[in-house]
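In what follows, a single structure is set out as structure tokens and then discussed.
The values are calculated or read from the model by the stated rules, or taken from the named source; none is laboratory data. Note that this is a predicted model, so its numbers are computed, not measured. When the accessible area is computed, the model is the full protein with side chains, heavy atoms only, and any ligands, DNA or RNA have been set aside. Shrake-Rupley method; radii C 1.70, N 1.55, O 1.52, S 1.80 Å.
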Amino acid sequence: MHRDDETPPPRPRWLGWALMVFMALVVLGMLNLGWRMLQPGPDAVSAAQGASVAGGLGSAASPPSAPAGLRLVEASDCLRCHGMERYYVGPSFQQIAARYRDRADAVGYLAGKIRNGSVGEWGRTLMPRHPQVTEAQAREMAQWLVSLPVPSAAAQGASAAEPASAAR
């Protein structure tokens, strides 16, 4: 048996360089995505500019606890099931606000639903309880939720059709 038969053929050198360049591009792409995810979006920048123009005076549509409630909602797992304007697993935040806005005890009621969960309020969908959320945090989330603007008629019609198609 000849010695050359047992040795593998040499790999081309360009293949190693190509793999290293590819891996460097993957790493740079992941860093770029991470950096973009940490940057505030254009909505946050315009909202911050609007708040500075208003001079810090709270309006009836935006109570002082609204930004804290929004931060708590974003930090929690709420956005896995609820959309801002669209029905996903559960109703959108605007649909919830529209239903409970006129209740006198809306903040306390919704805070209880956040902490204790709910079933049967919006069809057969189950909302799990969130015992890790404190009562104060749940009230801030509910206050933010009630302060959301009323959805437009076109958005209500489109989102009202989605739960019916999801039930099939």
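Looking at region 77-121, the accessible area is 53 square angstrom per residue; that uses a 1.4 Å probe and ignores ligands, DNA and RNA.
Would you mind telling me the share, in percent, of accessible area of region 109-153 contributed by carbon and sulfur at probe 1.4 angstrom? Walk me through the intermediate numbers first.
On the way: 1440 of 2590 Å².
In region 109-153, the share of accessible area belonging to carbon and sulfur is 56 percent.
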